[in-house]
Amino acid sequence: MPLVSVKNVNKAYKTGATEVHALRGVDLDLETGEFTAIAGPSGSGKTTLLNIIGGLDTISDGSVVVADQDISGLKPRQLHELRLYQIGFVFQAYNLIPVLTACENVEFTMLLQGVPRDERRRRATEILDRVGLTDQMHRRPAAMSGGQQQRVAVARAIVTKPRIVLADEPTANLDSQTGTNLMAVMKQLNEEEAITFLFSTHDQMVMSHARRLIRLHDGRVESDTTA
Amino acid sequence: MSLLIKMAWLNIWRNKRRAAILLMAMVAGLVGVIFSLGVVSGWISQMIDTAVGTTESHVKVMATGFHENPVIENHFVPPRALHEHLRTDARVRGWSDRVQVSGLLSTADQSVLVTIIGVDPVAETTVSVIPNAIVKGDFFTAARTSQIVVGDRLAQRISKGIGKKVVLTSQQLGGELGAAALRIAGVFDTGNSGFDEHTVYVRKDVLQDMLGMHDEITETAIALHDIDMTEVVSNDLRRRVQSEHLQIYTWQERLPFIVQTLSLSKRMMAPYYGIFYLAMAFGVLNTLLMAIGERTHEIGVLMAIGMRPRNMILVIVMESFMLSALAAAIGLTVGSTLVLWLGHTGIDLGSLAAGANYFGLGRTLRPQFDPGMTAAAAVATIAIGVIFSLQPAFHAVWKTPVEAMNSRNA
């Protein structure tokens, strides 16, 4: 059973009288441990597809199974549970909590899971060390560079050991060197921890790191290649 | 949990100026409420003290009919059982047998209608504020019996000072006119100009002689240690001293105007406080809606990473609770200090004093600190903060994570 199974998914938005088709009959299976990029131009449906897999958005038609759960039939509370325990998110704009330190940001999802304080602190410290931010632990996001913030975001996403990490254009706001470093960190975590990564991008450098590349165009899968 | 509390606290101070303005508004509102509570409480207390401490007392024993028709024909001789009971009742601070009658105070060039109160000077000190309100001379001296104590307003009106002679005239028991020439022994100032201009005190035996009375009196004024025991003590007294010739009255029964004024003032203050709190509530609502509107995207992200709506609501309500609690603590400190300080120094009513006299106030208003009501005002501030944060809190989690993340502003 694939970790993620997307079958004939359609997604349409209504803007006034106009209906916009963001996804048209998308089929996609993702196995545990994959390091996959979804590429395509703006408006091709990359973010919509990630949001649907992440249980953040609904589908118009088709089915999506994530971690053995058909998410189209889940109630809001069950979707929260799925996102909290099975999925990690990395956003383009980092989206850290500005009033908390790097360490507290990483602890936050564990707090929501009810992990005891000492255990949270131990695991947050360990994961920040893994992404090379030991010396930035007690800094707030505003005092950190974009690359450092995104590494904190990655640490936050993986610290709960989710089944899959969804990263929406994680390098879009970073310079090329910082982006390359971040990809190296994510790839290392993928290889060493067997964490499944699915990210959207239109950055060639990111695509070159991916072992599998899915190209979307006008909401359809244009190609699906494995390196 | 501690991280959520920290997050809520730090969220408050994201926009320091806005938080400070809301905090100041809530503090000012609470200080205003505490101050007005203090003023009303002080006013009520002064009004009661003035009335109870001068002509009235907590409980009065009178001859049947004197309350409705205060003439000396409605007199009584105090029964021994009454004095014995008063002597043994620990709740009683003191009592004074009085003769009270209307009469004329005359000098060579004018006459003034006055209320003449005949008292035992020693007993009167246990029930009345007058002996402590003497500003010139004494509340009678042992040397002479033919003495009179007058209010300062009356002394000014008749232009007579200590040692000067005046003549009191009133109708005797038999209907004849009785008169006595008396020298002014003391001048009192209660701050109540109406009372000070129309009340005089003489020795009870002098007045009884003047009116052709023997041991008869018109009332026994009883002062208690605790005003709240008035009802209980008066009921006990009614049981102990059962006589068809005697009636026992509480100060509330004697002074229905004050009781009605107290009731009216409480009812009038309720909408006033309501407006205060409503303004505060809209301040909280407006500020939180703005603050949460600015954080809509972030709230979407938090829900995306697994934060449950109830936790999000909890954080927002905690923010409001913390800010309200801080405002309550500051407002409580400032308001209480202000009331206690003004209660000590008093507020000089200046040109308003004449009007204030009508309401039983003197020239100085002393706000009174009411711990129960003050605490209730502080709790109400916190409650307003919490209740009016619920709508913005629920509004914040109403959107789906994607809708929230896609809106930069609400």
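Among DSSP bridges having both ends in the protein assembly as shown, what percentage is antiparallel? Round to the nearest 5. Could you put the intermediate results ahead of the total?
Values: 64 of 92 bridges.
Expressed as a percentage, antiparallel bridges in the protein assembly as shown total about 70.
Please give the total accessible area that chains A and B bury against each other, computed with a 1.4 Å probe and expressed in Å² to the nearest 100. Let's see the in-between values first.
Details: alone 10630 and 19860 Å², together 28320 Å².
Interface between A and B: roughly 2200 Å².
For chain A, count the residues as N, evaluate 2.2 N^0.38 Å, and divide the Cα radius of gyration by that value, please.
1.00
So what is the relative contact order of chain B, in percent, for Cα pairs below 8 Å that sit 6 or more residues apart?
Values: 713 pairs, mean separation 108.2, N = 410.
The value is 26 percent.
When every alpha-carbon pair in the range B:175-266 is counted, what percent end up more than 19 Å apart?
Numbers: 2705 of 4186 pairs.
Here the tail beyond 19 Å accounts for 65 percent of pairs.
Distance cut-off 23 Å, Cα to Cα: go down the list B:LYS60/B:LYS204; B:LYS60/B:LYS160; B:LYS6/B:LYS399 and report the pairs above it. Kindly include the intermediate steps, with their values, before the conclusion.
On the way: B:LYS60/B:LYS204 17 Å; B:LYS60/B:LYS160 33 Å; B:LYS6/B:LYS399 25 Å.
In this structure, B:LYS60/B:LYS160; B:LYS6/B:LYS399 exceed 23 Å between Cα atoms.
Nearest-5 percent of antiparallel DSSP beta bridges in the range B:65-243? Can you show the working numbers first?
Details: 31 of 41 bridges.
Once the DSSP bridges in the range B:65-243 are tallied, antiparallel ones form about 75 percent.
Which order do A:TYR13, A:TYR94, B:TYR201 take by accessible area at a 1.4 Å probe, largest first?
Numbers: A:TYR13 80, A:TYR94 30, B:TYR201 0 Å².
I get A:TYR13, A:TYR94, B:TYR201, largest accessible area first.
With angles folded into 0 to 90 degrees, how steeply does helix B:309-345 sit against the dominant principal axis of chain B? Use alpha carbons for both and round to 10.
Result, in degrees: 30.
So for chain A: antiparallel DSSP bridges make up what percent, rounded to the nearest 5? If you can, show how the numbers build up before the last one.
On the way: 22 of 40 bridges.
Of the beta bridges lying entirely in chain A, close to 55 percent run antiparallel.
Test of the criteria: in the range B:232-314, which GluC sites (Glu not before Pro) are in a DSSP loop and have at most 16 other Cβ atoms within 10 angstrom of their Cβ? Before the final figure, lay out the partial values.
Values: sites: B:GLU244, B:GLU253, B:GLU294, B:GLU298; in loops: B:GLU244.
Counting only loop positions with at most 16 other Cβ atoms within 10 Å, the GluC sites (Glu not before Pro) in the range B:232-314 are B:GLU244.
How much mean residue ellipticity at 222 nm does chain A get from its helices, if each DSSP H run of length 4 or more adds -39500 (n - 2.57) and you divide by all residues, to the nearest 500 deg cm²/dmol? Write down the numbers at each step before the final one.
Numbers: 7 runs with 82 residues, N = 227.
Dividing the helical sum by the residues of chain A leaves -11000 deg cm²/dmol.
Please calculate how many Å² of accessible area the protein assembly as shown carries per residue, with a 1.4 Å probe and no DNA, RNA or ligand atoms counted. Before the final figure, lay out the partial values.
Values: 28320 Å² over 637 residues.
Per residue, the protein assembly as shown has 44 Å² of solvent-accessible surface.
Distance between the C-alpha centers of the range B:308-335 and the range B:1-44? Whole Å please.
Rounded to whole Å, the Cα centres lie 9 Å apart.
Taking R0 as 22 Å, what's the FRET efficiency between B:THR115 and B:ARG238 from their Cβ-Cβ distance, rounded to 0.05? Intermediate results must be reported in sequence, preceding the final value.
On the way: r = 27 Å, r/R0 = 1.22.
The computed FRET efficiency comes out at 0.25.
Please state the shape class of the range A:100-179: rounded when a/c is under 1.5, otherwise prolate if a/b exceeds b/c and oblate if not, all from the C-alpha gyration tensor.
On the way: a/c = 2.13, a/b = 1.41, b/c = 1.51.
Oblate.
Using Stokes-Einstein with the Kirkwood hydrodynamic radius over Cα pairs, what translational diffusion coefficient do you get for the protein assembly as shown at 25 °C and a viscosity of 0.890 mPa s, in µm²/s rounded to a whole number? Mind showing how you got there, number by number?
Details: Rh = 31.5 Å.
D = 78 µm²/s.
Which chymotrypsin sites (Phe, Trp or Tyr not before Pro) in the range B:131-199 pass both tests, a DSSP loop state and at most 15 other beta-carbon atoms within 10 Å? Provide the component values of the computation, followed by the final result.
Numbers: sites: B:PHE139, B:PHE140, B:PHE188, B:PHE195; in loops: B:PHE139, B:PHE140.
Sites meeting the loop and neighbour criteria: none at all.
B:HIS67 accessible area, nearest 10 Å², 1.4 Å probe?
60 Å²
Which parts of the range A:103-138, residue by residue, lose 40 Å² or more of accessible area when the rest of the protein chains are there, as against the chain isolated (1.4 Å probe)?
Those are A:GLU104, A:PHE108, A:LEU111, A:LEU112, which lose 40 Å² or more relative to the chain on its own.
If one takes the longest principal axis of the Cα atoms in chain A, at what angle in degrees, from 0 to 90 and to the nearest 10, does the Cα axis of helix A:76-86 lie?
Roughly 60 degrees between the two axes.
Within the set of other residues whose C-beta is less than 15 Å from the C-beta of A:HIS80, count the net charge using Lys and Arg as +1 and Asp and Glu as -1.
Values: positive: A:LYS75, A:ARG77, A:ARG83, B:ARG308, B:ARG310, B:LYS399; negative: A:ASP57, A:GLU81.
Once positives and negatives cancel, what remains is +4.
Between the range B:48-65 and the range A:11-89, what is the C-alpha centre distance in whole Å?
84 Å
Spin-label point model (7 Å from Cα, Cβ direction): what's the B:THR337 to A:LYS161 distance in nm?
Here the answer is 5.5 nm between the modelled labels.
Could you tell me how far the Cα centroid of the range A:101-158 sits from the Cα centroid of the range B:135-181, in Å?
90 Å
Past 20 Å, Cα to Cα: identify those pairs from A:LYS7/A:LYS187; A:LYS161/A:LYS187; B:LYS136/B:LYS165, in the order given.
On the way: A:LYS7/A:LYS187 27 Å; A:LYS161/A:LYS187 15 Å; B:LYS136/B:LYS165 16 Å.
Over 20 Å apart, Cα to Cα: A:LYS7/A:LYS187.
Would you work out the relative contact order for the range B:65-243, in percent, from Cα pairs under 8 angstrom that are 6 or more residues apart?
It comes to 32 percent, rounded to a whole number.
Give me the percent of the accessible area of the range A:36-123 that comes from carbon and sulfur atoms, probe 1.4 Å, all protein chains in place.
On the way: 1500 of 3180 Å².
Using a 1.4 Å probe with all protein chains present, the range A:36-123 comes out at 47 percent carbon and sulfur.
Between the helical axis of B:256-294 and the dominant principal axis of chain B, each derived from Cα atoms, what acute angle in degrees is found, rounded to the nearest 10?
10 degrees
How compact is the range A:115-160 by the rule of thumb for globular proteins, expressed as Cα Rg over 2.2 N^0.38 Å? Could the numbers behind the result be given before it?
Working: Rg = 10.3 Å, N = 46, 2.2 N^0.38 = 9.4 Å.
Working it through for the range A:115-160, the quotient is 1.09.
Could you work out the relative contact order of chain A, using alpha carbon pairs under 8 angstrom and six or more residues apart, expressed as a whole percent?
Working: 450 pairs, mean separation 66.5, N = 227.
Normalised by residue count, the contact order of chain A is 29 percent.
In the range A:166-227, which GluC sites (Glu not before Pro) fall in coil by DSSP and have 15 or fewer other Cβ atoms within 10 Å?
Filter output for the range A:166-227: empty list.
At 1.4 Å probe size, with the rest of the protein present, what percent of the exposed accessible area of chain B is carbon and sulfur atoms?
60 percent
Under a straight-distance cross-link criterion of Cα-Cα below 18 Å, which aspartates and glutamates are reachable from A:LYS75, leaving out those fewer than 8 residues away in the same chain?
The qualifying aspartates and glutamates are A:ASP57, A:ASP61, B:GLU403.
Counting helices only, and only those DSSP H runs with n ≥ 4, report the 222 nm mean residue ellipticity of chain B as the sum of -39,500 (n - 2.57) divided by its residues, in deg cm²/dmol to the nearest 500. Each step should come with its number before you reach the end.
On the way: 15 runs with 221 residues, N = 410.
Per the formula, -17500 deg cm²/dmol.
Determine, from the Cβ-Cβ distance of B:LYS165 and B:LEU264 and an R0 of 35 Å, the FRET efficiency 1/(1 + (r/R0)^6), rounded to the nearest 0.05. Show your work: numbers first, answer last.
Values: r = 45 Å, r/R0 = 1.29.
My answer for the efficiency is 0.20.
Sum up the charges of everything whose Cβ sits under 12 Å from the Cβ of B:VAL39, counting Lys and Arg as +1 and Asp and Glu as -1, but leave B:VAL39 out. Before the final figure, lay out the partial values.
On the way: positive: B:ARG366; negative: B:ASP370.
Spelling it out: positives minus negatives among the neighbours equals 0.
The values are calculated or read from the model by the stated rules, or taken from the named source; none is laboratory data. Note that the structure is a prediction, hence the values are computed from the model and not measured. Using ideal geometry, Cβ is built from the backbone for each residue, glycine included, and neighbour counts are taken over all protein chains shown. For the accessible areas, the whole protein counts, side chains as well, though only heavy atoms, and no ligand, DNA or RNA atoms are used. Shrake-Rupley method; radii C 1.70, N 1.55, O 1.52, S 1.80 Å.
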